[in-house]
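As structure tokens, the structure follows; a few thoughts come after it.
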Amino acid sequence: MKRILGLLSLSLVLILSSCGPTAEEAAEYNDKIIAEQSAIVVKIDKLDESFQYYIPADMDAAYNEAINQISKSVEAVTALDKFDGKTDFKDEALVLFSSYKTILESEYKEMVRIYKIPDEQFTEDNYAQWDKLDEASKRKLDEALTKFSAVQEEFAKKYNLTLY
């Protein structure tokens, strides 16, 4: 009898442990990562908007807010546990956040510097350089988002999530 109870207990443990995470748990994990990504995007959008007004202090503030948000988001996603024993999705989010930071510290930093040039010193070359930087930043962001989206879609497919 003890042997049968032992086998039943072992079977129950094996059955329960073989069940992977639920779709709801996967959705929660996805939502945590996407919330951090969205927070970064909001700050970058605010920086983009600051270029319309040419107020140096606003551009600097928006730039610093975006950089700070990336640090906060990296910290939050880094703190997430593995999901179903894997870190693929989390790791790719961190790669995306690193791309955001690199783009901000290179293209965007220079774009802010250019737009802070006084009107009387601003040249067509400055405008052309700003356009090149803007184009490069958008291209790099698109590439990083494409890679991230592929990993996210794979995650969603595996755990039966519908992405919007």
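A few remarks follow.
- Wholly enclosed helices (runs of 4 or more DSSP H) of the stretch 59-164 bearing at least 1 residues under 19 Å from I33 (Cα atoms): 88-103, 124-158
- Restricting attention to the stretch 81-93, the residues that are in contact (Cβ under 8 Å) with a residue 12 or more places away in the chain and surrounded by fewer than 16 Cβ atoms within 10 Å (Cβ to Cβ) total 2.
- Within the stretch 135-145, at least one residue is more than 18 Å from the chain's Cα centre (by Cα) and either farther than 30 Å from G20 by Cα or at pLDDT 95 or above (or both).
- Any hit, the stretch 116-124, residues being under 16 Å from the mean Cα position of the chain (by Cα) and farther than 20 Å from A27 by Cα: no
The values are calculated or read from the model by the stated rules, or taken from the named source; none is laboratory data. All figures in this text were calculated on a predicted structure; none of them were measured in a lab. Ideal geometry is used to build each Cβ from the backbone, glycine not excepted, and the neighbour counts take in all protein chains shown.
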